[in-house]
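Peer 1: Just passing along the structure, written as structure tokens.
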Amino acid sequence: MDAEKVHVPEERKSYLSTIYGKALDARAEHPILGDTYAEEAVSRIDFDFDKLAVGGDAAITLPFRAKLFDDWTREFLDAHPDATVLHLGCGLDTRVFRIDPPATVRWYDVDLADAIDLRRQLYPDRPGYEMIATSVADLKWLDAIPGDKPVLVVAEGLVQYLTVEDRDALFMRITEQFPSGEITFDAYGRATTAVLSFALRLARTGLRLYGPIKDGHEIEEHVPRLRLVSAVSFLTLPEMVPLLIHSKAQGWIYRRVLEHWEWYRRSMQHFRYEF
Ligand SMILES: C[S@@+](CC[C@H](N)C(=O)[O-])C[C@H]1O[C@@H](n2cnc3c(N)ncnc32)[C@H](O)[C@@H]1O
């Protein structure tokens, strides 16, 4: 990767926050994800990252979130070394470099044009790898993808930005196009969606959140080929929680109340489906 600075045309894009969280983690004494590619990319982006409200807990949760999807990706590719990976809403995430799949894997990083334009300036090409600039909701992009192999869909931090109709149409199309595979994504519960939507409106970001998910089984009703394999309660991940508790009072509230509260356990979940 060459060292020339890359200009960002618009500020406050969600993918800048997520890559910055991973870069901060890479600089930590004991990194969680250790994404040195993210750190290198951030050093090349001409942007004042201090302006983003990322740091502290976000520098813990973002790498944990990415790590969970990396683990699922590695598991799938170990079982299917000739798979197709659709990494949807990839932003600037460097998963393809972290995982470093064999050239037998076809890997597509898909995002809106501005994110893909930045990626092209930041990251090198590699065998079996392609970037696609499109809305994932415009299903025409799938016409060009061969549907002959098992597919892994990784949609980290994306699904909450899709309307329920677009999300379901996308999943339906994927389950019709490929013989088998897995679809993985994270989603918010109802209260989290409401609170974050309000915050986004106050901040005048123009972003909207859709489709809160309760237990994950509702997706099976909308997309009949999908079977829910895991629903992981993200905010109660045993290896992450101790790092997020900074005082005795916080620890007490967590153990006595939050941990047992269904609303809290479902406020952010990671879902894994197979078909
Ligand atoms: C929160 S960021 C997550 C980026 C990356 N997955 C990560 O975790 O670092 C959300 C990403 O979804 C992308 N996105 C939102 N709506 C999209 C759509 N309809 N089609 C494709 N990408 C979309 C945004 O451009 C952004 O890159």
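The values are calculated or read from the model by the stated rules, or taken from the named source; none is laboratory data. Everything numeric in this text was worked out from a predicted model, so none of it was measured. Counting neighbours? That spans all protein chains shown, and the Cβs are built from the backbone with ideal geometry, glycine included. Heavy atoms of the whole protein, side chains included, go into the accessibility calculation; ligands, DNA and RNA do not. Shrake-Rupley method; radii C 1.70, N 1.55, O 1.52, S 1.80 Å.
Peer 1: Using DSSP, restrict attention to beta bridges with both residues in the chain and report what percent are antiparallel, rounded to the nearest 5.
Peer 2: 40 percent
Peer 1: Could you give the semi-axes, largest first, of the ellipsoid that matches region 213-275, computed as the square roots of 5 times the alpha carbon gyration tensor eigenvalues and rounded to whole Å?
Peer 2: 30, 11, 6
Peer 1: Can you compute the FRET efficiency between residue 218 and residue 103 using 1/(1 + (r/R0)^6), with r the Cβ-Cβ distance and R0 = 51 Å? Round to the nearest 0.05.
Peer 2: 0.85
Peer 1: Next up: For every helix of n ≥ 4 consecutive DSSP H residues, a contribution of -39,500 (n - 2.57) applies; sum these over the chain, divide by its total residues, and give [θ] at 222 nm rounded to the nearest 500 deg cm²/dmol.
Peer 2: That calculation yields -11500 deg cm²/dmol at 222 nm.
Peer 1: What is the distance in Å between the Cα centres of region 142-158 and region 199-267?
Peer 2: After rounding, the separation between the Cα centres reads 25 Å.
Peer 1: In square angstrom, rounded to the nearest 10, how much accessible surface does residue 78 have for a 1.4 Å probe?
Peer 2: 130 Å²
Peer 1: Does region 160-275 come out rounded, prolate or oblate, given a ≥ b ≥ c as the square roots of the eigenvalues of its C-alpha gyration tensor, rounded meaning a/c under 1.5 and, failing that, prolate meaning a/b above b/c?
Peer 2: Judged from the Cα gyration tensor, region 160-275 comes out oblate (a/c at least 1.5, b/c at or above a/b).
Peer 1: Could I ask something else about it? Tell me, what is the percent relative contact order of region 1-88, built from C-alpha pairs under 8 Å that lie six or more residues apart?
Peer 2: Across region 1-88, relative contact order equals 30 percent.
Peer 1: Still on this structure: Sort region 103-178 into rounded, prolate or oblate with this rule: let a ≥ b ≥ c be the square roots of the eigenvalues of the Cα gyration tensor; rounded if a/c is under 1.5, and if a/c is not under 1.5, prolate when a/b is larger than b/c, oblate otherwise.
Peer 2: Because a/c hits 1.5 or more and a/b fails to exceed b/c, region 103-178 counts as oblate.
Peer 1: Something else: Under the rule a/c < 1.5 gives rounded, and otherwise a/b versus b/c splits prolate from oblate, where does region 1-89 land using the Cα gyration tensor?
Peer 2: Working: a/c = 1.98, a/b = 1.52, b/c = 1.30.
Prolate.
Peer 1: My understanding is that a pair violates if its Cα-Cα distance is over 28 Å; which of 51/140; 5/51; 67/214; 13/140; 22/51; 67/140 do that in this structure?
Peer 2: 51/140; 67/140
Peer 1: Right, here's the next one. Using a Gaussian network model on the chain with a 10 Å cutoff between Cα atoms, which of 79, 66, 115 fluctuates the most?
Peer 2: 79
Peer 1: With an 8 Å cut-off on Cα pairs and a minimum separation of 6 or more residues, tell me the relative contact order of region 170-275 in percent.
Peer 2: 45 percent
Peer 1: Using a 7 Å offset from the Cα along the Cα-to-Cβ direction at both residue 250 and residue 274, what is the distance between the two label points in nm, to one decimal?
Peer 2: Taking the two extended label points, one gets 3.7 nm.
Peer 1: Please calculate the 1.4 Å probe accessible area of residue 255, with all protein chains present, and give it to the nearest 10 Å².
Peer 2: Looks like 140 Å² after rounding.
Peer 1: Given the options 159, 229, 257, state which has the largest fluctuation in a GNM of the chain using a 10 Å cut-off (strictly under) for Cα springs.
Peer 2: 257
Peer 1: Also, I was wondering about something else. What relative contact order, as a whole-number percentage, does the chain give when Cα pairs under 8 Å and 6 or more residues apart are counted? Walk me through the intermediate numbers first.
Peer 2: Numbers: 435 pairs, mean separation 42.7, N = 275.
It rounds to 16 percent for the chain.
Peer 1: Just grab the label-to-label distance for residue 239 and residue 48, each label 7 Å out from Cα along the Cβ direction, in nm (one decimal).
Peer 2: 3.7 nm
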